[in-house]
Amino acid sequence: MPAPPTPADPVVARVEVERRGGDLRVRWELSGASPREPVRITVGVTPETIDHEHPVAEVRDGREVTVNGLDPSVRHYLHVGVGRGPGVIAAERLVPLEGTLNFRDLGGYPSAGGERVRWGRVFRSDGLSELTDADTAYLRGIGIRAIHDFRHAGERARAPSRLPADAGWRLVDLAIGDEAGERPELIELVLRGEVREVGIDMMVDIYLAIVREHAATFGRLIGHLADPDGLPALFHCAAGKDRTGIAAALLLALLGVDDETILDDYELSTELRSKRRIEALRPQLEAVGVDVEDVRAFLSAPRPALAAVLEWIADRHGSAEGFLVEAAGVAPAAVARLRNLLLG
């Protein structure tokens, strides 16, 4: 295991991992003095099985390296540290599935207490209706035990998740929205040209309504995640940005992750999914006379919308913990268990 540092040792402050085919591109930032020893990269198939004795790369100059020859069907975790000092464990944030665009690991983010959110414990995603056989095998491989679905009944009927019935996953109904499916979705109204503009102010109103009206649903999610038998876990909706984005924000805030990092995570949905969806929908929108720019906030993950939620929670409840305990019915003991399970 890595040895403790001396006070003069530089520290690995941040690591990013990006898959490129069968290779992993690893980039890092250092704080402190210039390193006297090389940056060592070691690998394992879980954070606990990283082989610290046998580095796959050592870098004396530079801040990145490409690690070759890893099995692309296996999710790898990397430890990046100076010499044998403690470093940072990281993995690719986007889980490389064929049938999703926005399936992400919420691990690795630093908390206010100096710990980090554990990798491979909680994932967030868009819809699962286009999963391939390889995808479901991958989900088995990363050990998913519970899948929490924020979609309502109408959404599930239109795009049922492609999950094998015999996989043994716990499927949890956390519907948010018109469960009867009797009212048209906002996206349907936009695509029919009946709603021609959805701006930031409207998105703020939508998000605040979700938080106020469905606090208990988010509380149920937190309660389930505090059960060690339900981890690793996944929660998702259709696009993986609105209901899922709010849930991820509440979870990360409860774990002590700062607001700017939470908002950065939220905005990844725009890069990973929304830009591609907007271009795919552009011809249909133009055909009904809708200017893409007038609905871009609705089709993306606009930072001010989630920022308004975090501000509202802080003003009304003091913190995410205050909201979840006071309004969502989460027991303080569950908060303590969750932090114990997900921080390290």
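The values are calculated or read from the model by the stated rules, or taken from the named source; none is laboratory data. Model, not experiment: these values are computed from the prediction. A quick note on method: Cβ atoms are made from the backbone with ideal geometry, for glycine too, and the neighbour counts reach across all protein chains shown.
Do we find a residue being under 21 Å from the mean Cα position of the chain (by Cα), more than 22 Å from Gly344 (Cβ to Cβ) and touching a residue at least 12 places away in the same chain (Cβ under 8 Å) anywhere in the range 25-46? Among the residues of the range 25-46, at least one is under 21 Å from the mean Cα position of the chain (by Cα), more than 22 Å from Gly344 (Cβ to Cβ) and touching a residue at least 12 places away in the same chain (Cβ under 8 Å), which makes the answer yes.
Each row is one residue, and each column tells you yes or no for (1) in a helix (DSSP H, G or I); (2) modelled with pLDDT of 95 or more; (3) buried (at least 16 other Cβ atoms within 10 Å of the Cβ).
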{"residue": "Ala248", "(1), (2), (3)": "yes, yes, yes"}
{"residue": "Ala301", "(1), (2), (3)": "no, yes, yes"}
{"residue": "Ala305", "(1), (2), (3)": "yes, yes, yes"}
{"residue": "Ala308", "(1), (2), (3)": "yes, yes, yes"}
{"residue": "Gly322", "(1), (2), (3)": "yes, yes, no"}
{"residue": "Gly329", "(1), (2), (3)": "no, yes, no"}
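Per-residue answers, yes or no, for (1) outside the structural domain of Gly127 (by TED's automatic domain parsing); (2) free of Cβ contacts under 8 Å to residues at least 60 places away in the same chain; (3) closer than 30 Å to Leu191 by Cα; (4) not aromatic (Phe, Trp, Tyr):
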| position | (1), (2), (3), (4) |
| --- | --- |
| Leu281 | no, no, yes, yes |
| Ala287 | no, yes, yes, yes |
| Asp294 | no, no, yes, yes |
| Ala305 | no, no, yes, yes |
| Ala308 | no, no, yes, yes |
| Leu324 | no, no, no, yes |
| Ala333 | no, yes, no, yes |
| Leu338 | no, no, no, yes |
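Can you find a residue in the range 116-128 that is among the charged types (D, E, K, R), assigned by TED's automatic domain parsing to the domain that holds Ile262 and at pLDDT below 95? Looking for residues that are among the charged types (D, E, K, R), assigned by TED's automatic domain parsing to the domain that holds Ile262 and at pLDDT below 95, one finds none in the range 116-128, hence no. Restricting to the range 228-243, name every residue that is within 15 Å of Ala146 (Cβ to Cβ) and within 12 Å of the chain's Cα centre (by Cα). Ala233, Leu234, Phe235, His236, listed by residue number.
Scan the range 66-118 for residues that are part of a loop (DSSP other than H, G, I, E, B) and either among the hydroxyl-bearing types (Ser, Thr, Tyr) or within 13 Å of the chain's Cα centre (by Cα) (or both) and report the count. Steps first, please.
Kept after step one, since they are part of a loop (DSSP other than H, G, I, E, B), are these residues of the range 66-118: 68-76, 83-87, 91-93, 95-103, 106-109, 111-115, 118.
From what's left, either among the hydroxyl-bearing types (Ser, Thr, Tyr) or within 13 Å of the chain's Cα centre (by Cα) (or both): 73, 91-93, 95, 100-103, 106-109, 111, 118.
Matching residues across the range 66-118 total 15.
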